[in-house]
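Only the coordinates and a few stated rules stand behind these numbers; no lab work does. It should be emphasised that the depicted structure is a prediction, and the values quoted were computed from it without experimental measurement. Here Cβ is always computed from backbone atoms with ideal geometry, including for glycine, and neighbour counts include all displayed protein chains.
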Amino acid sequence: MAKYLHDKLDEKWRKIYEKSGIYTGKVDTSKKKAFLTVPVMYPDGYLHLGHLYTWTRADIYARFMRMRGYNVLWPQGFHFTGGPLVGFSLRIKNKEEQVLKIMKLYKVSKEDIERFAEDPLYLGNYFAKSIRGDFDAAGMSIDWSKNFSLSYTSKYSKFVEWQFRKLRDLGLITQGKHPVIWCPREDTALGDHDRLEGEGESPVEYTVIKFRLGDIILPAATLRPETIEGATNIWVNSKIQYKKITLKGGETWVVSEKFIDKAKYQKRIEKVEDFNIKSIILKTVENPISHDALPILDADFVDENLNTAVVMSVPMHAPFDLVYWNKLKKSRSKFYSEPKKIIDVNGKDSIDIEKAVSQKLATENLERLTRKVYQSEYNSGVFNGNSGLLSGLSVKEGRQKMISELKERGVYDVFYETSGKVVCRCGAIGVVNVVEDQWFIRYSDSDLKRKSLEAVERMNIYPEEIRAQLTNAIMNMEDKAATRRGGLGTSLPWDKNWLIEPLSDSTIYMAYYTVADLIEKLDEKYVDDDLFNYVFLNEKPKRQYPDIVKEMKRSFEYWYPVDMRVTAKELLPNHIAFFIMNHVAIFGKDFWPRGLSINGWLVIDKAKMSKSKGNVKGITQTVETFGADATRLIASASNGMDDAEWNTDNIKGFVDRAEFLLDLVEAYNDLPGGEKLVDRYLKSRLVDLLKQAEYDYEHFRYRSAVFNAFFQSTDLLRFYLDFGGDSKENMKSALEIISKMIHPIFPFISEEINEKIGNKDLLESYNSWPELKHMDQDDTLQAEFDVLNKTIDDIKNLIKMLKLQPKEIKIGVADRSKFDVYNKVVERLKQDRDLGKIYKDKELGRDELVKKLIKNPNKLPDTFRDYEIELKVMKEAEEYLSKLLKARVQVSESSDEKAIPGKPKIEVK
RNA sequence: GCAGGGGUGGCGAAGUGGUCAAACGCGUAAGGCUUAGGACCUUAUGACUUAGGUCUUCGUGGGUUCGAAUCCCACCCCCUGCACCA
């Protein structure tokens, strides 16, 4: 028995490949090229198996392409830009327990941890190195000579600056206001990952309607300005503290005290004075649209934490308002008027708000009702005759019209509030800050969108469903804030107060890969916009460059565009969209990306890996335990972009079959040889499997690829041997084909097999992918072997039912005349599926066999059968069957009516 | 709200017009091996059936077809993403 000693085997082939230089992409214009990339990753921790999933998928592509004769370039960089590295360093500095625990788990030295706290770049380089080691251990065929980290070097920064100047020249950069959730204590934008509470919350725009009361203004904040014509009153809450504030420009507002802190980020407040809210209760303000007098009333449901704490009351369209309005009916009768319903909803979404409210709902039910009312009215509401201005319009249209109406009358303002409570890691409550001078990339540009969609249309995308999502992402693209205040990165060239944020400095860096090793050798003084214009855009050089620059240009023009980008699905609506759009903006059509492959998340051993549980599967650890090839099985977790569950038990099946193959490699030479039907079957099935595997690799269907190329093929060999196949030649060529079929996924063991059967050249050093030999394919023969297997099932079934252990089994293959009739039926059905016509047929319709065959329209005979072959296959199988069924098996021809082509008669005794 | 994806056996999942009771894996049961357990191997695992048969299922309801998990229509339910953040 051959043992699968993976550590030795891995090491041997890893070294051989390293020495061969096959992984290093060298310009060779005589060969077709394939440029593969996987997004740069943040080196802020160790790699685990989940990460490796994407890279293994990419590696399989790289190896498959090499075997098909392509010159492959696959570099890999790292990303230092933005917050993560700095953030991580900071967390170490703050001695966060969780982070220190992780460091301890990985046995990082004390000195290193201390340096991490001070130097984010050191931290980045430290983990980049460890990640690189993990990739190598897992057998990634990455060309490290073109590795770099963005935006770590000044040369790369210059490339980013060049890109941004280019974008600005193209009119794709603008500057403007931008609401963003903000930590008031740390005075910085508060991203999802910096939040203790409120992940996913975002700024919501409220309309503020200014109701005048003498020289002061009551600013009512609302999400539904279109309902103002149905307003009956204004709510304030006498239990909360109000202040009078004077804004820049002179307006005086009455707002809750709590509002003031939030408002600082959105309004210029020049003066704050005390205000007694009770002094204005029961006074009236004028509705600026309908000119009705609206009383100011007291209600305790008004929340001091929400907006201005001045609320416009629209009872017929807001349940809370109706409840309180009804309560006041008695006590404040002098103000009471019947509330007006101004929006109708027809059909099943219609809600009778008066009836609903009459049931005295609890607060949380009222909230739910409110959401329902808002939703149904927004989706299918239409303004009725009670509305003077909006009658006949939908709510969506009415809102727009009302907003412009309010603007015209000078009573409109906006205020942003968070959509839910947000708490920063530091403990402070998040607010909305309107950043005044943010720089944007104008992804909303319709011309850019149109061209980008064209690019998407031309791309090869796997799986295909992704195309719709990507198209949609691009169509809905808005302007993207491209700069930030803190972290690492490249300064915006014309406004050094800003750093270019990470998603924006990483859109076209793949072009930089093609020159990354060469530009290192170039004197910094040459690195400027003119150089990039010359190398990447083929513009006339403005000066004399050293020769290396020509080489850079040649390298770029040879390798570009990106032929395949492999990544996980979470980058699709952002990075991948930006990647495509920036290429479209900057490069010519020939350099637009050509391919994309997307995968989901990988869940390993059911539970998500949890660092605190200590069950983290490190790469090196897994490779040491199971071997690189076995570890790479994770690529087979899914065919598409589903999140895949994968458990390490799968590896057992791999080892078992790997050893089977290694055994065969030792033993096949002793096979006595001889060509039988089963040899033809072997060849035919191998062509099938090869065809399948080829399709699977091309379409990134690696679950199927492993299934067909590895599991099915080894099953086939087992069957061949069990059946009594013993041809040395055929076994050798089968082993060769299998070693090639599995090579992209299992590069090391396949090389071992390939070498042992006498092949000298590395499988990726030449166009080694086996050619399909269609002449070996024999459908009829395969169908007859299927008949054999089906017959075995039937016999087992019979034995089970009869509850006996037979001594003798007779198999009766139908006679030639029945095969003739059978094949006639198949022929007829291929032309026409109308069974009625066959029943009416003079010749066929009366035949008992025909009636039997077409009795069940769900199970019609589909494949031609061959009398000679069926008989021969069964005959040849006699010995195999006898062994398998532990009984004497005899095969003969039978004219019994139970013997049907494809379904021989069975007698057990 | 907008967009995308999905509902198949105890579970995970394959299967997109025809030999489908449904691959493969897990789980479960019986047997083998073992002092025993684990691991491993064999067999079974929708229901009924003593000669290979029949019946019932693929979220719900309807339709197209000789034939539907697969195509069409309506409905119910679930998941994911929505930006300055990697």
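Taking a Cβ cut-off of under 14 Å around A:Asp274, the surrounding Lys, Arg, Asp and Glu residues balance to a net charge of +2, with basic ones at +1 and acidic ones at -1. To the nearest ten degrees, helix A:779-802 and the longest principal axis of the Cα atoms of chain A are 90 degrees apart. When the alpha-carbon atoms of the stretch A:731-798 are used, the pair Rg, Dmax equals 17.1, 54 angstrom.
Toward the positive end of the charge dipole of chain A, with +1 on the Cβ of Lys and Arg and -1 on the Cβ of Asp and Glu, the farthest Cα among A:Gly588, A:Gly410, A:Ala318 is that of A:Ala318. Quick check: Cα centre of the stretch A:214-257 to Cα centre of the stretch A:282-333, how many Å? Distance between centres, Cα-based: 11 Å. Looking only at GluC sites (Glu not before Pro) in DSSP loops with at most 10 other Cβ atoms within 10 Å, what is the longest site-free stretch of chain A? Longest stretch, sites excluded: A:1-463.
Each Lys and Arg Cβ is given +1 and each Asp and Glu Cβ -1; about its Cα centre, the stretch A:463-524 then shows a dipole of about 220 debye. Pairs of C-alpha atoms in the stretch A:392-551 farther apart than 26 Å represent 59 percent of all such pairs. To the nearest 10 degrees, how steeply does helix A:466-475 sit against the main Cα axis of chain A, on a 0 to 90 scale? Approximately 20 degrees, to the nearest ten.
The helix-based estimate of mean residue ellipticity at 222 nm for chain A, built from -39,500 (n - 2.57) per DSSP H run of four or more residues and divided by its residue count, is -13000 deg cm²/dmol to the nearest 500.
Put simply, the Cα atoms of chain A extend 110, 80, 54 Å along their principal axes, the longest span coming first. Amide H contacts of A:Ser894: A:Val813, A:Ala814, A:Asp815, each under 5 Å away and 5 or more positions distant or on a separate chain (H built 1.01 Å from N in the peptide plane; Pro and chain starts excluded).
By the Kirkwood approach, averaging reciprocal distances over each pair of separate Cα atoms, the stretch A:182-294 gets a hydrodynamic radius of 16.1 Å. Rounded to the nearest 10 degrees, the inclination of helix A:713-723 to the longest alpha-carbon principal axis of chain A is 20 degrees. Our summary gives chain A a relative contact order of 15 percent, counting only alpha carbon pairs under 8 angstrom and 6 or more residues apart. Over the stretch A:121-218, the fraction of Cα-Cα pairs per 10 Å bin, rounded to whole percents and listed from the shortest bin up, is 10, 18, 24, 28, 10, 5, 4, 1. Using Cβ point charges alone (K and R +1, D and E -1), the dipole size of chain A about the Cα centre works out to roughly 1300 debye. Label-to-label distance, A:Lys401 versus A:Leu884, with points set 7 angstrom from Cα along the beta-carbon direction: 7.8 nm. Here is the size of the stretch A:376-463 from its Cα atoms: Rg then Dmax, 21.0, 56 Å.
Given in Å, the Rg to one decimal and the Dmax to the nearest whole number for the Cα atoms of the stretch A:62-184 are 19.4, 59. For A:Ser597, the shell of other residues with beta-carbons less than 10 Å away shows a net charge of +2, using +1 for Lys and Arg and -1 for Asp and Glu. A straight Cα-to-Cα reach below 17 Å connects A:Lys327 with the aspartates and glutamates A:Asp298, A:Asp300, A:Glu338, A:Glu354, residues fewer than 8 places away in its own chain not being considered.
What is the local net charge at A:Leu406, summed over the other residues whose Cβ is closer than 11 Å to its Cβ (Lys, Arg +1; Asp, Glu -1)?
+1
For the stretch A:159-238, the set of trypsin sites (Lys or Arg not before Pro) satisfying both a DSSP loop assignment and a count of at most 15 other C-beta atoms within 10 Å is given as A:Arg185. Rounded if a/c is under 1.5, else prolate if a/b is larger than b/c, else oblate: which is the stretch A:478-603, with a ≥ b ≥ c the root eigenvalues of its Cα gyration tensor? It comes out oblate by the Cα gyration axes. Projecting the Cα positions of A:Ser202, A:Val40, A:Asn233 onto the charge dipole of chain A (unit charges on Cβ atoms of Lys, Arg, Asp and Glu, taken about the Cα centre) puts A:Asn233 furthest along the positive direction.
For chain A, the residue among A:Ala637, A:Ala734, A:Gly385 whose Cα projects farthest onto the positive side of the dipole built from Cβ charges is A:Gly385.
Of the trypsin sites (Lys or Arg not before Pro) found in the stretch A:725-813, those that fall in a DSSP loop while having at most 12 other beta-carbon atoms within 10 Å are A:Lys760, A:Lys803, A:Lys807. Normalised by 2.2 N^0.38 Å, with N the number of residues, the alpha-carbon radius of gyration of the stretch A:5-83 equals 1.29. The amide H of A:Glu197, built 1.01 Å from its N in the peptide plane, has A:Val423 as neighbours under 5 Å, considering only residues 5 or more places off or on other chains. Straight Cα distances below 18 angstrom link A:Lys3 to the lysines A:Lys12, A:Lys652, A:Lys756, with same-chain residues fewer than 8 positions distant left out. In a DSSP loop and with at most 14 other Cβ atoms within 10 Å, the trypsin sites (Lys or Arg not before Pro) in the stretch A:51-127 are A:Lys95, A:Lys107.
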